[in-house]
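What follows is one structure encoded as structure tokens, with my remarks underneath.
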Amino acid sequence: MSPDHRRAKFEAIAPALIEPIRRFLARRTDAATADDVLSETLLVIWRRLDDVPAEHLPWAYGVARHCLANAHRAQRRQERLLARITMLDRPSDISRVSGALEDQVGEAMGQLRPDEAEVLRLSVWEQLGPTEIGQVLGLSANAVSIRLYRARRNLKTELRKLAPPGGHEESTRGRLP
Amino acid sequence: MTDDDLEALLRQADPAADLAPLTSLRITHLLEDTMSTDIQTTPHTPAPAPRRARVGLLVAASAALLLAGAGYLSLGGFGHSPASATKHDQTATVTQLTVGGAAVKCAAPTSEVLATAQVAFEGTVRTVDGGVVTLVPSKFFAGPTTDTVKLAQTDGASDVLLGGSNTFKIGSTYLVAANDGQVQACYSGEATPELQSLYDETF
């Protein structure tokens, strides 16, 4: 591919990927790491332009996921600890109207196995179907569906465990039917 | 709790819900930063710091390249178009370059990438006037030889880039490479021993 063609292809593909990848990263790491990994992800896409499949986005999520894992490994090596890549560990600078509810959801997600939490994130937040999730994670759509089923079931169980007893129970039950 | 309830709950807890989108300028810079990186260097390869710092002098992203009197190279830059039409000097040939102002992160320069440059030359700055730097080439390593090279900023570029105190100095010698209509910012700069040795090694 000539340099001109490379640029044209990248310019046709990359702009639409930036925002989804940013959100993907914002859901999984701190803002500074997200910035770094976004640049790194774009770089990998640029270098692997010949490998980009017709379905850009799941592939790009897979690249971002890999870059994020690398970044977190590097951070651990530098003893800048990121204990768990879950929203439980996210910095609390993102303002929310219903903070308590999100804390609860975050805590419940943190109790799931990481692979179960990840299929839920990809399904609900990235709004991918089982086939696309399979492309991101390197799994069959069937395996994703099974994992999603377990993840939902286990998350509901964790949320029930977290429902506070006593006076707040009623309102919580109202929110978490 | 139904699956729909669960999804609604999760959506409410989306950490990216409040994430403001990037500006189009920031997106442009991101893309340009990415495309200005050579495609053969592997990520995470630390570059030797001194070379990085010095080679990165021409902190410019995209540049459209016009060759007057020596032909015209196709323009493939992102978001930039030639600032002016080709000017033909009846008496002297001129290579015209226009330079954008976005910052670039440079990976470690390699001889293999520099060797692909379609235009590469060593030149001394003769004048800096109104954002246009005129260089007198002493040697063309690649591309058609012209009598002078003019480097002009595109809209929005920082004044620091051209004519600033630590950028193009009259009388100083620079090494500049361009490829497919783009100035290779990471391969262009003042002719420091590091950059000179890279050019010597390549050409």
Residue in the range A:139-147 that is at pLDDT below 95, part of a loop (DSSP other than H, G, I, E, B) and open to solvent by 30 Å² or more (accessible area, probe 1.4 Å) present: yes
Any hit, the range B:130-137, residues being touching a Phe, Trp or Tyr at 6+ places or on another chain (Cβ under 6 Å) and either open to solvent by less than 40 Å² (accessible area, probe 1.4 Å) or at pLDDT below 80 (or both): yes
Residue pairs meeting the criteria (Cβ under 6 Å; at least 6 apart or on separate chains; first open to solvent by less than 50 Å² (accessible area, probe 1.4 Å), in the range A:1-16; second aromatic (Phe, Trp, Tyr)): A:PHE10/A:TRP46; A:GLU11/B:PHE78
Positions within the range A:39-61 being open to solvent by 30 Å² or more (accessible area, probe 1.4 Å), in contact (Cβ under 8 Å) with a residue 12 or more places away in the chain and within 14 Å of chain B (Cβ to nearest Cβ), in sequence order: A:GLU40, A:ARG48, A:ASP50
Candidates A:VAL136, A:VAL119, A:VAL124, A:VAL105, filtered to the one that is more than 13 Å from every other protein chain (Cβ to nearest Cβ) and among the aliphatic types (A, V, I, L, M): A:VAL136
Scope the range B:23-58; condition surrounded by 16 or more Cβ atoms within 10 Å (Cβ to Cβ), modelled with pLDDT of 85 or more and assigned to a loop (DSSP other than H, G, I, E, B); matching residues: B:SER36
Residue selected from the range B:1-19 under the condition of a type in the set (Gly, Ala, Ser) and part of a loop (DSSP other than H, G, I, E, B), by the criterion most open to solvent (accessible area, probe 1.4 Å): B:ALA17
Pair list, Cβ under 8 Å, 6 or more apart: the range B:6-24 residue without any contact (Cβ under 8 Å) to a residue 40 or more places away in the chain and at the interface with chain A (Cβ under 7 Å from one of its Cβ atoms), other residue open to solvent by 40 Å² or more (accessible area, probe 1.4 Å) and not in a loop (DSSP other than H, G, I, E, B): B:LEU6/A:ARG152; B:LEU9/A:ARG175; B:ALA16/A:ARG23; B:LEU19/A:ARG23
Single unsatisfied condition, A:ALA71 versus (1) modelled with pLDDT under 90; (2) within 9 Å of chain B (Cβ to nearest Cβ): (2)
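The values are calculated or read from the model by the stated rules, or taken from the named source; none is laboratory data. Since this is a predicted model, take the numbers as computed values, not measurements. Every residue, glycine as well, gets a Cβ built from its backbone with ideal geometry; the counts of neighbours run over all protein chains shown. The accessibility values were calculated without ligands, DNA or RNA, using every heavy atom of the protein model including side chains. Shrake-Rupley method; radii C 1.70, N 1.55, O 1.52, S 1.80 Å.
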